[in-house]
Amino acid sequence: MSFENLKLDPRLLRAVAACHFKEPTDIQLKAIPVALEGRDLMASAQTGTGKTAAFVLPLLQRLLTTAPAQGRGPRVLVLTPTRELAMQVTDNIRQFSRECHVTSGSVVGGVGYGPQIQLLGRPLDFLVATPGRLMDHMESGRVDFSRLEVMVLDEADRMLDMGFLGAVKTIAKALPAKRQTLLFSATLEGQVLTVAQQLLRDPVRISLATNSDQHASIAQQIHEVDDVEHKHALLTHYLKDDALYQAVIFIATKHGADKLAKKLAAQGHASAALHGNMNQNQRKRAVDRMRRGEFRVLVATDVAARGLDIRGLSHVFNFDLPMVAEDYIHRIGRTGRAGATGTAISFVDSEDRYLLKGIERLTGRSLTRQVIPGLEPKRPPGRSDRPSGAKHRPFRRNDTRPAFRAADSHHRKPGQPSHPRRDRGDSAPGNRSPEADGNRVAAPRQEHRDRPHSPHSPHSPKPAQGRRFGGKPRRAGRDRVSA
């Protein structure tokens, strides 16, 4: 079937052809007719299958065939978890509407408020926003949703995972009750289903890929490693391979991304870092230069796990495994996109084996172990040194990463964000900090307040010695009660 069979406007068909889209993907074939009917929709499909076009094209068709209401504000609101994904969606809207008189813009964190205030003060067809910055404008009374017709939740599972559940519900309550809602997610289970039941009305459900059959075009491999030096040696080996055209290397921290990018550049590999401490222009410039082929390697935190679309990306490396198993799926989805093949290579040390088990449980497959002659691990493969039942990574004095390791998704309580302070694509409500993607935050020191104390317990509080309430020292013999 071709796009002509979807009964789209000729202007949209010409824009699709200009983007070199020949045939619609499975998600586009199933989602576009439902969206054109005005039905609510909840859909899941693997990354790189054209989910953005699956909602942008039918909504553009709607805007071209219906008259807008009078007033200001957007007709379509698209919520995304990160700035990168918001910018990608905005670019796709502009590409598909190149022959149409459609206005669009984005409201995201990390950029100035002035242009965004001007954008919100006039009629707008598409508004793409991250929840934190949109909430800021709503609290200041700058957003008018009176003419809104459609809300789209893109990468809904990621938004909930980042702690935006409250913001999404607050935004939805401010929208007209009579609206169309489209929800796209990597998975349709758990908290995503709960939100869908609350925000969608009699939705059509489309589920095209489970975790076990995603990324069939990506060769997934792991290497057992001894330490960080072993990781560097393996990475150097792969970067010498001519089969590696371009690669993204995912690492845990922003400082680590800068350090590794500089080290690779010193070795002669054109490389750049991408993380949340960079402003929007710096991040966009790095991605654009990567797309033009000026960089061979992009060292990134999880800020690039979703929304990064670079054609021809041959390899993805997990220099550090993600703390949440679902993030592994999105990381490796940066390669093998749009029918291409790719390779995903992960480095696993002894204390990351429990994270690997979580990934293998989620994907339903055992990842292939690889050994390169001369770079074999000195430590024989075996069970992790992690204590049984422990939820946090034990501290090692010479570890290259901070001690705190959050529990993976299988240890989370229902409704609990997987990493509330890590990898925020935008400022979350109640915690208006810039994007803290990829940072590992030290856990607060656990005190033994809930333990029963005995007079001889090492955890018992010591009695005050020579001090009274208020902190001032006592004088000898003062305040004594006589017999």
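Of the trypsin sites (Lys or Arg not before Pro) found in the stretch 59-118, the ones in coil according to DSSP and having at most 15 other Cβ atoms within 10 Å of their Cβ are 72, 98.
Which entries of 254/284; 51/357; 51/240; 259/284; 51/259 have Cα-Cα distances beyond 27 Å here? Write down the numbers at each step before the final one.
Details: 254/284 17 Å; 51/357 29 Å; 51/240 35 Å; 259/284 20 Å; 51/259 34 Å.
Distance filter (> 27 Å) returns 51/357; 51/240; 51/259.
Across all Cα pairs in the stretch 73-116, the calculated P(r) in 5 Å bins from zero up to the longest distance comes to 5, 20, 28, 28, 15, 5, 0 percent per bin. Placing pseudo-labels 7 Å out from each Cα toward the beta carbon at residue 9 and residue 72 gives an inter-label distance of 2.5 nm.
From the convex hull of the Cα coordinates of the stretch 155-244, what is the mean projected area in square nanometres? Intermediate values should be presented prior to the final figure.
Values: hull surface 38.1 nm².
In nm², the orientation-averaged hull projection of the stretch 155-244 is 9.5.
For the stretch 140-189, the per residue solvent-accessible surface stands at 30 Å², with DNA, RNA and ligands left out and a 1.4 Å probe. From the Kirkwood radius over Cα pairs of the stretch 94-170, Stokes-Einstein at 37 °C and 0.692 mPa s returns a whole-number translational diffusion coefficient of 240 µm²/s. With a simple spin-label model that places each label point 7 Å from the Cα along the Cα-to-Cβ direction, the separation between residue 194 and residue 311 comes to 4.2 nm. For the Cα trace of the stretch 220-310, dividing Rg by the Kirkwood Rh returns an Rg/Rh value of 0.95. Distance distribution note for the stretch 115-212: the fraction of Cα pairs above 18 angstrom is 48%.
With only Cα atoms counted, the stretch 44-85 has Rg and Dmax values of 13.2, 38 Å. Its Cα gyration tensor gives the stretch 1-159 an equivalent ellipsoid; the semi-axes, largest first and in whole Å, are 26, 17, 14. For the stretch 18-110, just say rounded, prolate or oblate: build the C-alpha gyration tensor, square-root its eigenvalues into a ≥ b ≥ c, call rounded for a/c under 1.5, and beyond that prolate if a/b exceeds b/c, oblate if not. Rounded shape, in that the Cα axes give a/c under 1.5.
Carbon and sulfur together cover what percent of the accessible area of the stretch 235-331 at a 1.4 Å probe radius?
Numbers: 1670 of 3580 Å².
The C+S portion of the solvent-accessible surface of the stretch 235-331 is 47 percent.
For residue 26 paired with residue 292, estimate the spin-label separation in nm (one decimal), with each label point 7 Å from Cα along the Cα-to-Cβ line. If labels sit at residue 26 and residue 292, their model points lie 3.8 nm apart.
The values are calculated or read from the model by the stated rules, or taken from the named source; none is laboratory data. All values reported here derive from a predicted model rather than from experimental measurement. Neighbour counts run over all protein chains shown; Cβ positions are idealised from the backbone, glycine included. What goes into the accessible areas is simple: the full protein's heavy atoms, side chains included, and nothing from ligands, DNA or RNA. Shrake-Rupley method; radii C 1.70, N 1.55, O 1.52, S 1.80 Å.
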